[in-house]
Amino acid sequence: MNSIAQDGLNSAVWGRITAAGTRAARWPWWLQVGGLYVAARLVSACIFMAAALHQGVNPWFPAKPDYWNFINIWDARWYGEALRNGYPTELPTDDAGNVQENAWAFYPLFPLLGRSLTGLTGIAPAASLTVIAMLSGLAASLVVYRLFRLKATHRTALWGALFFSTFPVAAVLQVPYAESLNLLLLAGALLLVMRRRYLWAIPVVLLMCLSRPTGVPFAAMAGLLLLYRVYQHLVARFRVRPVVDAHHGQPGHHGTPAGARHSPAELWSLAGLAAASGVGALLWPAVAWVFTGDLQAYTKTETVWRGHDLVPFKPWFDTGVQLFGPVLGLLAPFVFVAAFVLLMMSRPVAALGTELRLWCVCYVGYLLVFLHPQTSTFRMLLPLFPLALSAALVSRSRAYRGTIVIMFFLLQIVWVVWLWAWAQLPGGGDYPP
């Protein structure tokens, strides 16, 4: 084929792509967001299937499993255990009395929904969990878009939702993990907070606290937000002039104008949300205590996977020393915190507004205090999804935004092949995804 014919073919293909994009731009917003999310999950499914072809001997299935078996490994097995058999009333221990891995580390809402769906339809438990995860992920993408629309135009919010759908660990949104359900509830709670529907957010937050351990940072965010809004209220009252939030100077696209001062009723509602979030954060550990008789049942179980007791902040320094040596390793956590502070102060992140920035700060603070950094840390960064909108706000260039999406898909391949696919380490086991 000569160069002229090749150029003509390329022009024809690009013209069809452009025409298809123009037609899609006329679709309703929910169809645009949902279509992009489904397309992203199909790409992730192809990545999973390609990796499954190279999967060797593993603890769950024979080599080269099919797609459905391949996505039902790792923590999906624990959620299936909780669905079928519930939670143990006595913590399993070894001969030395040390607590062993058990289902109490996995929050109950996801397996409870799976059990309900299995009871209603008769489908297999693994299929129920997969369906719930997939539908929750789709619904989460729609809520994320609505949340982003409060701070951006349709096109930018759409790109932000696409970044959310293609994030390097977004493949986990279609496997039987609770991440997609948790993100749906978290995004819904943040949307209600942004719209000042604080009392409506309470049941959403309580459900969120039973899906994954995001209750503590959400309670911290709600408490700090309350203090900030009370301060604004008092300053405005005694200065007898309106106070405009530095990051909310422009009205949002929907709901309450961003610069409007909170009324006393709204402040009381926010106080109720902060209190309910604190209760919700302690709900699952309290349930574990009641059913096992052990006050530390949840924390003992959660720390089994660490191999040592919980000591706030210490794992970050231990990991830093392990990766970078005794000097740079001790400095690494401070460098990370400094870099995160600079990120939070950047213009694209400042455009998120007080609530979303405060959530990101509180969640990272929670990770610094309680997390044992390891390969699962990548997956635990998903609740920072508001930063996807910041990434879209960096530039309106389609080349930039398209490059981000391509890079994310390439990193999905890395994540699936490196962490989801199982390959035994020399010392036994494998890095968890």
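The values are calculated or read from the model by the stated rules, or taken from the named source; none is laboratory data. Treat the numbers as computed from the prediction; the structure is a model and nothing was measured. Here the Cβ positions follow ideal geometry from the backbone for every residue, glycine too, while neighbour counts run over all protein chains shown. Areas reflect the complete protein model, heavy atoms only, side chains present, ligands, DNA and RNA absent. Shrake-Rupley method; radii C 1.70, N 1.55, O 1.52, S 1.80 Å.
Descriptive notes on the structure:
- Label assignment, P(r) over Cα pairs in 20 Å bins from 0, in percent derived from the structure, set [x] 24, 53, 21, 2; [y] 20, 44, 28, 7, 0; [z] 22, 56, 20, 2: [z]
- 1.4 Å probe accessible area per residue over the range 370-423, in Å²: 45 Å²
- Net dipole in debye of the chain [+1 Lys, Arg Cβ; -1 Asp, Glu Cβ; about Cα centre; nearest 20]: 2180 debye
- Highest-first arrangement of 406-419, 50-63, 270-283, where packing means the average Cβ count within 10 Å: 270-283, 406-419, 50-63
- Candidate membrane-span-like segments in the chain, meaning DSSP H helices with Cα atoms spread over at least 27 Å of their own axis and a Kyte-Doolittle mean of 0.0 or above, are 3-24, 29-53, 125-149, 215-239, 264-292, with no membrane implied.
- Accessible area per residue for the range 108-215 is 31 Å², calculated with a 1.4 Å probe on protein heavy atoms, without ligands, DNA or RNA.
- Furthest towards positive pole of dipole, 116, 213, 28, structure part the chain, Cβ charges: 28
- Element breakdown for the chain at a 1.4 angstrom probe: carbon and sulfur atoms account for 69% of the accessible area.
- Mean shadow area of the range 58-144 over all directions, Cα convex hull, nm²: 7.9 nm²
- Cα gyration tensor, the range 290-363 - rounded (a/c under 1.5), prolate or oblate: oblate
- Cα gyration tensor, the range 261-332 - rounded (a/c under 1.5), prolate or oblate: oblate
- Averaging 1/r over every pair of different alpha carbons in the range 42-108 and inverting the result gives a Kirkwood radius of 14.0 Å.
- Mean residue ellipticity, 222 nm, helices only, the chain: the sum of -39500 (n - 2.57) across DSSP H runs of n ≥ 4, divided by residue count and rounded to 500, is -21500 deg cm²/dmol.
- Bridging of residue 314 to lysines at a Cα separation below 17 Å is possible for none of them, once same-chain residues fewer than 8 apart are set aside.
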